[in-house]
Amino acid sequence: MNHELSTMNNKKLQKLLLLFLISSIANSIVHAQATKAPAYPLINHNTYFSIWSFGDTLNQSTTKHWTGKDQSLIGLIKVDGATYRFMGKESPVYQTLLPAADETNWQCKYTETQPAGDWQKIKFDDSNWKTGTAPFTDDTEQAKTLWTSKDIWIRRSFPLDNLDINKLVLKLRHDDNVEVYINGDEVYNTIGWTSDFKMIALKEKIKSKLRQGENMLAIHCANTAGGSWLDAGLVDETKPKFSGVLLARQKSVVINATQTIYNFKCVGVDLKVTFTSPLLMDDLAIFSRPVSYVSYQVKSNDGRNHNVKVFFSASSTIAVNTPSQDVTAQKYASSGLSVLKAGTVEQPVLKKKGDDLRIDWGYMYAAVPNSKKVVQYITPQADAAASFIDNKYASTAKQGKSLALNTVLNFANVGAAPAEQFVELGYDDLYSVQYFGQNLKPWWKADGKQTIESELSKAATDYALVNKKCDAFNKSMYAAALKAGDKHYADLCVLAYRQSISAHQLLKSPKGEILFLSKENFSNGSINTVDVTYPSAPLYLIYNPHLLEGMLNGIFQYCESSTWPNNFAAHDLGTYPLANGQTYGENMPVEESGNMIILTAAIVKAEGNTAFAKKHWTILTKWAAYLSTNGFDPGNQLCTDDFAGHLARNANLSVKAIVALGAYADLAAKLGNKSVASQYKALAAGMAGKWQSLAQAGDHYSLVFGSKDSWSQKYNLVWDKVLGLHLFPPTVYKTEINYYLTKQNEYGLPLDSRKTYTKSDWILWTAALADNPKDFKALVNPVYKYATKTPTRVPLSDWHETTDGKMVGFQARSVVGGYFMKILADKWAK
C-alpha cells in the first residue's frame, strides 16, 4: 500500500514538474522576443523623427535616420576612469576645401556640346563656354542653371594654399552617369545616379595631383533617363580628436513592440540600455507625444563597487536636412528638467516636399530630471566624445554646423544593486503637415494648450507608469502573435510594429477629425496614399480602428469635394508633407475605389457600428457603381504593385473589386438598405462564380484571365475570409495555397509568375488564407529568413528578391502593418 502511494505521489510530482517546465518554456518564449533585424529601431515617432541602428551591435556604426543619413547618437560609459563606447560610432568630420552648392552658390564654365581636345586639363581654353551656377538640374524649383539636355561638361577652377590634407573626399551628387577629373587625371567614374550628396573617399595618391595655387575640377555627366542633376565639391575628412576608447562588449539585443533593449559588459560593470518609444495606440496622449526614453541601468559584475558615469550625445543633424545647414542651440531649465535644444537658424517650416528628405524646421530636445548627478552642455559634434573623456563638461558652442547636445549621468559608486537613470529625446516640429492650404500642428498640441516643455515634464513624471504600460503591451501583443502563428511570425510582427506606426503623423483636421497620414517612404514620397493604407490596415484594426479612420478621412474629404472630378477614388493627397491634392501622375481607379470600400467595411466591423459608413454613403455608392461596371475585368491599368507595370485583365485586381462590392452589400444590409444589399450581394456572388471560370488554370488560378500558364498571389481574397463575405468557396483558397507551396524560393513566394521578387506584406496576407498551421508556417518562415538574413541593412524593406534576400526597393514603409493580418483574421473568426 505504501509502495503504491509512493508511486502515485512520484507520478503526480513528475506531472507537476512537467507542467512547470512547459509553463516556464512558454513564459520564456513570450519574454524572449525578436533578437535579429535588418535595422534596429531606437527612436521612432513619425517619418521625420525616426532613428535606427543599421548594425547588429549598437557600437558598430553611426546611428541613422531611416533614409540612411547620419543622425548620430553617441553613448560612452566611464568605469573607474576607463572609457567604453557602447552606442554609435563617431561620424566623419569634414572640412570644406571646395564647397558644393549646399554651402555656396558656386560658378563654373560649362557646355552641353561635346568638347574637343583635353577639356579636363587646367590649360584648356574654355573662354567660349558658358558660365553657370550650381546646381545644374532640370528641376525648375531648385535649379540655379537649368540643364535639360543629355550631356553636360563643367570646368571649375579653384585655388589651394594648404596641401596638408588628411583624407581627400569627393562630395558628389549626380544624375546620371559621371566622370570626374582633378587636374586632368580621372579620379572617379560611375554609372547610375544619387538622390543626394555621396561622400567618396579618393585614393591616397590622388592628393598628390593637387598643387598650391590653381587647380581644376572637371566633370562630365550624362543624363540617360528621367531627371538630371550635377553638383560637386571637395572636403578633407579630418583626424579624430580622441583615442583610447574601448568597445563595450554587447551581450544581447532584444526587440519588442515598443522597446529595443541592449545588454553590455565592461570590466567591473554590466550596462543595460533601453530605447522606449511608447507607441501605445489605446492612449493617444502618450502615443502622439514626441518623446522617447533612453534608459541606463548599471550594476557591478565582480562584487566590488565602481565609479560610473554615462555619456549621451545627440547630434544636431537630427534637426537638419543636410549637415551643411547652420543650427543654433541653447541650454535652459523647465519644470524640474534640465533641457538642451537645437534647430536650424533658417527654420523653413513646411518648405520642402519629397521622399529622401529630413526635417529642417522645429527643434530637437534632450532633457533630464534636474539633479546634482547630471551635467548638460553643448559642443561641436567633433569635440563631443573628447569632452567626456577629458572631463571638460562645458558648453563651447551656441551656433554652427553639426553641434552636439551632451548629457553626463553620474552614477557615482555602483555596487551589485542596479542603478537607473534616463534621458528624454524629443522633437517639436511646430507644424507637421499642410492640409489643403492650412498648416496643421501635431495632435499632441492641436488644442493650443500643450508645449514641448509640458510634454517633456509629463513624460518624466510618468516614466515608471509609461514603462509599465509598455511592458504589458509588449507581452500581450507578442502572446497574440504567438497564438496566431509561432515565434517566427511573432518576431515579424515585432519588427513591423514601430516601423509601421512611425511612417505616419497624427493630426486633427480643421473640422476636428482625426488624421493619421502616411508617407510613402522610399517610393515616391506621397502623403496618405490609399494603396499604402490598404496593406497597413490590419495592425490598426486590431489596436485602434480610429487611427484607420484617420487614414481615410482626408481621402474622403478630398473626393467628396468639388476639387476631385472623378467617379472613382483618389490615389493620394499630395507629396509629403503637403496634403493639398493628388500629385501622383496616374490614377488607379479600381485599386483605390476597392480599397476605400473594403477598409470602410473593416472599420464598421471593428467598431461594431455603421456611423463611419453612413457618413460617407454617397461617395461609397458612387465608387460601388464604378466597380460594378469597371471592376470585374479590369482594363489596362496600374494596381498597388505599380512597380510591376500596367496589366489588363488582372485576376487579383478583379478579386478586389468583387470583394469590395460584397463589402458594400454587407454595409447596405447593416444600414437597413435591403434592396441595395440584395442587388449588390447577387452581383458580387455572380462575379465570384464567373471569376472562377475565367481564372481557372488547372491546379491554380491565373495572373490574368485567359493566360493559364501564369499565376499570382491572390492576396485580396483574404478580405473575403476576414470580413466573412463567403463570396468565394474555401476550395479556391485551398487550391491557391497548395499551388503556392510549390512555387516558393529560399526567401519567400514570388509576387507572381513575371518576376522572382516579392512583397512580404502580401505573403503574410496570402498565408492567412491557409486553413492549417503547417501551411501558414511554410509560407511565413521564408519571410522570417529574409528579415533575419538579408544582406540589405536598412529598416525592413517590403519589396525583396526571393532568390537572394536582397532589397529590391522601398524601406521603412508602413505597409508592414499588414503582417498582423493573421492576428486580425483569428480575432474576427471568433
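Which one is surrounded by the most Cβ atoms within 10 Å (Cβ to Cβ), of the residues in region 574-591 that are among the hydroxyl-bearing types (Ser, Thr, Tyr) and part of a loop (DSSP other than H, G, I, E, B)? The residue in question is Tyr576.
Results for (1) more than 30 Å from Arg649 (Cβ to Cβ); (2) of a type outside the set (A, V, I, L, M), shown as yes or no for each residue.
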{"residue": "Val732", "(1), (2)": "no, no"}
{"residue": "Glu746", "(1), (2)": "yes, yes"}
{"residue": "Trp762", "(1), (2)": "no, yes"}
{"residue": "Lys774", "(1), (2)": "yes, yes"}
{"residue": "Pro791", "(1), (2)": "yes, yes"}
{"residue": "Ala812", "(1), (2)": "yes, no"}
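Residues that are over 19 Å from Ala663 (Cα atoms), at pLDDT 95 or above, under 32 Å from the mean Cα position of the chain (by Cα) and not charged (D, E, K, R) do not occur anywhere in region 613-629. Of all residues in region 312-329, those that are among the hydroxyl-bearing types (Ser, Thr, Tyr) have Cβ atoms under 6 Å from Cβ atoms of residues that are open to solvent by less than 20 Å² (accessible area, probe 1.4 Å) and outside any loop (DSSP other than H, G, I, E, B), 6 or more apart or on another chain, in Ser313/Ile74; Ser313/Ala384; Ser313/Ala404; Ser313/Asn406; Ser315/Ala404; Ser316/Val327; Ser316/Ala342; Ser316/Leu403.
Being at pLDDT 95 or above and within 20 Å of Lys487 (Cβ to Cβ) holds for only one residue in Lys789, Lys734, Lys714, Lys755, and it is Lys789. Can you confirm whether Leu492 is surrounded by 22 or more Cβ atoms within 10 Å (Cβ to Cβ), out of contact with any Leu (no Cβ under 7 Å at 6 or more places or on another chain) and part of a helix (DSSP H, G or I)? Considered against the rule, which asks whether it is surrounded by 22 or more Cβ atoms within 10 Å (Cβ to Cβ), out of contact with any Leu (no Cβ under 7 Å at 6 or more places or on another chain) and part of a helix (DSSP H, G or I), Leu492 comes out as yes.
Evaluate region 566-573: report whether one residue or more is touching a strand residue (DSSP E or B) at 6+ places or on another chain (Cβ under 6 Å) and surrounded by 17 or more Cβ atoms within 10 Å (Cβ to Cβ). Scanning region 566-573 turns up at least one residue that is touching a strand residue (DSSP E or B) at 6+ places or on another chain (Cβ under 6 Å) and surrounded by 17 or more Cβ atoms within 10 Å (Cβ to Cβ). Filtering region 741-774 to residues that are of a type in the set (Ser, Thr, Tyr) and either open to solvent by less than 10 Å² (accessible area, probe 1.4 Å) or assigned to a loop (DSSP other than H, G, I, E, B) (or both) leaves Thr742, Tyr747, Ser753, Thr756, Thr758, Ser760, Thr766. The set of residues in region 670-689 being among the aliphatic types (A, V, I, L, M) and either under 17 Å from Lys622 (Cα atoms) or buried (at least 19 other Cβ atoms within 10 Å of the Cβ) (or both) consists of Leu671, Val676, Ala677, Leu683, Ala684, Met687, Ala688. Only one entry of Leu824, Leu741 meets the criterion of being in contact with a Leu (Cβ under 6 Å, 6 or more places away or on another chain) and on the phi < 0 side of the Ramachandran plot, and that entry is Leu824. Given the conditions (1) of a type outside the set (D, E, K, R); (2) surrounded by fewer than 20 Cβ atoms within 10 Å (Cβ to Cβ); (3) over 23 Å from Ser324 (Cα atoms); (4) within 37 Å of the chain's Cα centre (by Cα), which single one is not true for Leu210? Just one mismatch for Leu210, condition (4). As for region 325-345, it holds no residue that is under 30 Å from Tyr94 (Cα atoms), outside any strand (DSSP E or B), open to solvent by 10 Å² or more (accessible area, probe 1.4 Å) and touching a Leu at 6+ places or on another chain (Cβ under 8 Å).
Only residues that are buried (at least 16 other Cβ atoms within 10 Å of the Cβ) and of a type in the set (Ser, Thr, Tyr) were counted in region 103-139, giving 3. Scanning region 359-391 for residues that are open to solvent by less than 10 Å² (accessible area, probe 1.4 Å) and under 28 Å from Pro442 (Cβ atoms) yields Ile359, Asp360, Trp361, Gly362, Met364, Tyr365, Ala366, Ala367, Val368, Gln376, Ile378. Is at least one residue of region 713-732 closer than 30 Å to Thr790 by Cα and in a loop (DSSP other than H, G, I, E, B)? Yes: region 713-732 contains one or more residues that are closer than 30 Å to Thr790 by Cα and in a loop (DSSP other than H, G, I, E, B). The condition of being open to solvent by less than 10 Å² (accessible area, probe 1.4 Å), among the polar types (S, T, N, Q) and touching a residue at least 60 places away in the same chain (Cβ under 8 Å) does not hold for Thr610. Going by the structure shown, is Asn652 touching a Cys at 6+ places or on another chain (Cβ under 8 Å) and open to solvent by less than 40 Å² (accessible area, probe 1.4 Å)? For Asn652, the condition - touching a Cys at 6+ places or on another chain (Cβ under 8 Å) and open to solvent by less than 40 Å² (accessible area, probe 1.4 Å) - is met. If the condition is being in contact with an Asp or Glu (Cβ under 9 Å, 6 or more places away or on another chain) and at positive phi, then region 304-342 contributes only Ser335.
Selection of first residues in region 253-278 that are among the charged types (D, E, K, R) and of second residues that are assigned to a strand (DSSP E or B) and modelled with pLDDT of 95 or more, restricted to Cβ pairs under 6 Å at least 6 apart or on distinct chains, gives the following pairs, ordered by first then second residue: Lys265/Arg249; Lys265/Lys251; Asp270/Lys299; Lys272/Asn263; Lys272/Gln297.
Name every residue in region 71-102 that is under 20 Å from Leu168 (Cβ atoms) and open to solvent by 40 Å² or more (accessible area, probe 1.4 Å), in order of residue number. Within region 71-102, Glu90, Pro92, Val93, Tyr94, Gln95, Thr96, Leu97, Asp102 qualify.
The single residue among Ala416, Ala386, Ala394 that is assigned to a helix (DSSP H, G or I) and not polar (S, T, N, Q) turns out to be Ala386. Within region 143-178, being out of contact with any Pro (no Cβ under 8 Å at 6 or more places or on another chain), within 16 Å of Lys109 (Cα to Cα) and in a strand (DSSP E or B) holds for Leu146, Asp151, Ile152, Ile154, Arg155, Arg156, Ser157, Phe158, Pro159.
Residues are listed down the side, and each one gets a yes or a no for (1) closer than 30 Å to Gly574 by Cα; (2) in a loop (DSSP other than H, G, I, E, B); (3) open to solvent by less than 20 Å² (accessible area, probe 1.4 Å):
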position	(1), (2), (3)
Val408	no, no, yes
Ala412	no, no, no
Glu420	no, no, no
Glu424	no, no, yes
Tyr431	yes, yes, no
Gln434	yes, no, no
Gln450	yes, yes, no
Leu465	no, no, no
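Select from region 131-146 the residues that are of a type outside the set (Val, Ile, Thr) and either over 26 Å from Glu214 (Cβ atoms) or touching a Lys or Arg at 6+ places or on another chain (Cβ under 7 Å) (or both) and list them in ascending order. If the condition is that a residue be of a type outside the set (Val, Ile, Thr) and either over 26 Å from Glu214 (Cβ atoms) or touching a Lys or Arg at 6+ places or on another chain (Cβ under 7 Å) (or both), then Ala134, Pro135, Asp138, Asp139, Glu141, Gln142, Ala143, Leu146 are the ones that fit. Evaluate the following for Lys353: is it part of a strand (DSSP E or B) and touching a strand residue (DSSP E or B) at 6+ places or on another chain (Cβ under 9 Å)? Answer is no for this residue.
Cβ-Cβ distances below 7 Å connect no pair with a first residue in region 442-457 that is more than 17 Å from Leu515 (Cα to Cα), a second residue that is among the acidic types (Asp, Glu) and open to solvent by 40 Å² or more (accessible area, probe 1.4 Å), and a separation of six or more residues or different chains.
Given the criteria open to solvent by less than 10 Å² (accessible area, probe 1.4 Å) and not in a loop (DSSP other than H, G, I, E, B), does Leu779 qualify? So Leu779 fits the description; yes.
The values are calculated or read from the model by the stated rules, or taken from the named source; none is laboratory data. Only a predicted model underlies this, so the values are computations on that prediction, with no experimental measurement involved. With ideal geometry, Cβ positions are generated from the backbone for all residues, glycine too; neighbour counts draw on all protein chains shown. Ligands, DNA and RNA are excluded from the accessible area calculation, which covers all protein heavy atoms including side chains. Shrake-Rupley method; radii C 1.70, N 1.55, O 1.52, S 1.80 Å.
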